[in-house]
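Working notes for the structure below.
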């Protein structure tokens, strides 16, 4: 399942420049200082050789010599193990499991809402519903950032790599968070956005999301 039919000479990431799943992988790559060829791909216009590496023909897809990986969280964990410094998951099994659980909960609670809100063809009723779900969910978690600088951790982890692309896309999803109840969350977001790895990970299309008019 992981053996590809065509070998590439260098590590390659097939990445959608607008997709938050691709974005989280790019953040990890920059955090690790990994040299990688990034091939920008767009949904419905993927390169003809992508199915050689990913039977689902989607991004993100990582090709590392004879290995091909797909699904963003699988790719992130592989990179964290393949390039162990700096570590982006805690060392201790219990804390690692908690981080994985947080990533799962983010996807379970908000994944569908983000998909709908980033879909230009979504119906207005669905947009309204999912905008409310995501906005209220973010407001609810804001207090947890009063205690630690990152997502339930003193150090930057894979959980933050998942959160950063979501928070960056809030304007594109039509979500504005109230400043007073979300003060801690908004400060957390700025810490993420100020990281050199985050700035370097941004595609040109992603930069446009927060460019002043």
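The values are calculated or read from the model by the stated rules, or taken from the named source; none is laboratory data. Not measured: the values here are computed from a predicted model. Note that each Cβ is placed from the backbone with ideal geometry, even for glycine, and that neighbours are counted across all protein chains shown.
Quick look at the numbers
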quantity: Residue match in region 145-157 (condition: out of contact with any helix residue (DSSP H, G or I) (no Cβ under 7 Å at 6 or more places or on another chain), buried (at least 18 other Cβ atoms within 10 Å of the Cβ) and closer than 23 Å to residue 113 by Cα); calculated: no
quantity: Pair list, Cβ under 7 Å, 6 or more apart: region 166-182 residue closer than 14 Å to residue 136 by Cα, other residue modelled with pLDDT under 95 and surrounded by 13 or more Cβ atoms within 10 Å (Cβ to Cβ); calculated: none
quantity: Residue match in region 45-54 (condition: closer than 14 Å to residue 15 by Cα, loosely packed, with under 14 Cβ neighbours inside 10 Å and out of contact with any strand residue (DSSP E or B) (no Cβ under 8 Å at 6 or more places or on another chain)); calculated: yes
quantity: Qualifying residue in region 150-168 (condition: modelled with pLDDT of 95 or more, in a helix (DSSP H, G or I) and over 20 Å from the mean Cα position of the chain (by Cα)); calculated: no
quantity: Residue count for region 113-125, restricted to those that are exposed (fewer than 15 other Cβ atoms within 10 Å of the Cβ), assigned to a helix (DSSP H, G or I) and over 15 Å from the mean Cα position of the chain (by Cα); calculated: 2
quantity: Test: residue 175 is modelled with pLDDT of 95 or more and outside any helix (DSSP H, G or I); calculated: yes
quantity: Number of the exception - residue 81 against (1) surrounded by 12 or more Cβ atoms within 10 Å (Cβ to Cβ); (2) over 26 Å from residue 172 (Cα atoms); (3) at pLDDT 95 or above; calculated: (1)
quantity: Matching residues in region 179-213 - criterion: being in a loop (DSSP other than H, G, I, E, B) and out of contact with any strand residue (DSSP E or B) (no Cβ under 8 Å at 6 or more places or on another chain); calculated: 179, 180, 181, 182, 195, 202, 209, 210, 211, 212, 213
quantity: Per-region count, region 183-203, residues surrounded by fewer than 13 Cβ atoms within 10 Å (Cβ to Cβ) and either closer than 20 Å to residue 136 by Cα or at pLDDT below 95 (or both); calculated: 1
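For (1) in contact (Cβ under 8 Å) with a residue 40 or more places away in the chain; (2) out of contact with any helix residue (DSSP H, G or I) (no Cβ under 6 Å at 6 or more places or on another chain), each residue gets a yes or a no:
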| position | (1), (2) |
| --- | --- |
| 12 | yes, yes |
| 26 | yes, no |
| 33 | yes, yes |
| 38 | no, yes |
| 55 | no, yes |
| 64 | yes, yes |
| 76 | yes, no |
| 84 | no, yes |
